[in-house]
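Inspection log for the structure reproduced underneath, given as structure tokens.
The values are calculated or read from the model by the stated rules, or taken from the named source; none is laboratory data. Computed from a predicted model, the values in this text were never measured in an experiment. Cβ placement follows ideal geometry from the backbone for every residue including glycine, while neighbour counts extend to all protein chains displayed.
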Amino acid sequence: MKYLILLVITMATIARAKEPNAPCLRLQDIKTQKLRQGDESLVRLTFETNCHVKLNATDSSPILEIESMPGMQTTVTNISQRESENEISVTLTLTAAPYMALGNQKLHGLVHFQDISSGSYSDKTFSFDLPIKVLKLKVMNPKYERPVWVKVLIPIGMVIVTIVFLPVLLVQFLFGGEGQC
């Protein structure tokens, strides 16, 4: 019985050793603001690193690529790597056109990095999906307000009408007659 348990543990260890290593990058956190048609929003992505990763951008290969989508413009605002915390933080600005389709959508992205393993650099790519929800364009419904000059003239006009026409109406009521004798 002891040998059977030892055999099972040994085989499980060998099977575990044959599994491929976990990926170097993992999308850990996505913080988004509301994205409306015709508006822009900031998105903060946090990637967790499980190995030594070096980010380097060249003219031919950027660090981060986001798939283009009709009516959506993406701009990478900031990329920072914290060695002590083993994480990479990326801030994106998403700008949606007024005609952008409403609802849940996914942007596909790629992170290009170099994995430092066994003393040499190897280029690797990590793909991820960025879920976004596009909300309806917020229409401002301004309450109709009269212009300032109308607000000033109405009280002044009421005072003038009261001063001029009240005495005339009073005289006509007192001395004007309906019937003459």
Does the stretch 71-92 contain any residue that is surrounded by 16 or more Cβ atoms within 10 Å (Cβ to Cβ) and modelled with pLDDT under 80?
yes
What's the number of the condition LEU170 fails, among (1) at pLDDT 80 or above; (2) under 38 Å from the mean Cα position of the chain (by Cα)?
(2)
Quick one: which residue in MET100, MET140 is touching a strand residue (DSSP E or B) at 6+ places or on another chain (Cβ under 6 Å), outside any strand (DSSP E or B) and under 30 Å from LEU35 (Cα atoms)?
MET100
Within the stretch 133-157, residues being among the hydrophobic types (A, V, I, L, M, F, W, C) and more than 22 Å from GLU40 (Cβ to Cβ) number 7
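Within the stretch 39-54, take every residue that is outside any strand (DSSP E or B) and surrounded by 15 or more Cβ atoms within 10 Å (Cβ to Cβ) and give me the one that is modelled with the highest pLDDT. So that I can check it myself, show each step before the final result.
First, the residues of the stretch 39-54 that are outside any strand (DSSP E or B): 39, 50-52.
Adding the requirement that they be surrounded by 15 or more Cβ atoms within 10 Å (Cβ to Cβ) leaves 39, 51.
Values: ASP39: 88, CYS51: 79.
Filtering first and then ranking leaves ASP39.
Name the residues in the stretch 71-97 that are assigned to a loop (DSSP other than H, G, I, E, B) and of a type in the set (S, T, N, Q), would you?
Taking the stretch 71-97 first, the residues assigned to a loop (DSSP other than H, G, I, E, B) are 71, 83-86, 97.
Hits for the stretch 71-97 are SER84, ASN86.
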With free of Cβ contacts under 8 Å to residues at least 12 places away in the same chain, on the phi > 0 side of the Ramachandran plot and of a type outside the set (Val, Ile, Thr) as the only criterion, which of GLY119, GLY103, GLY176 stands out?
GLY119
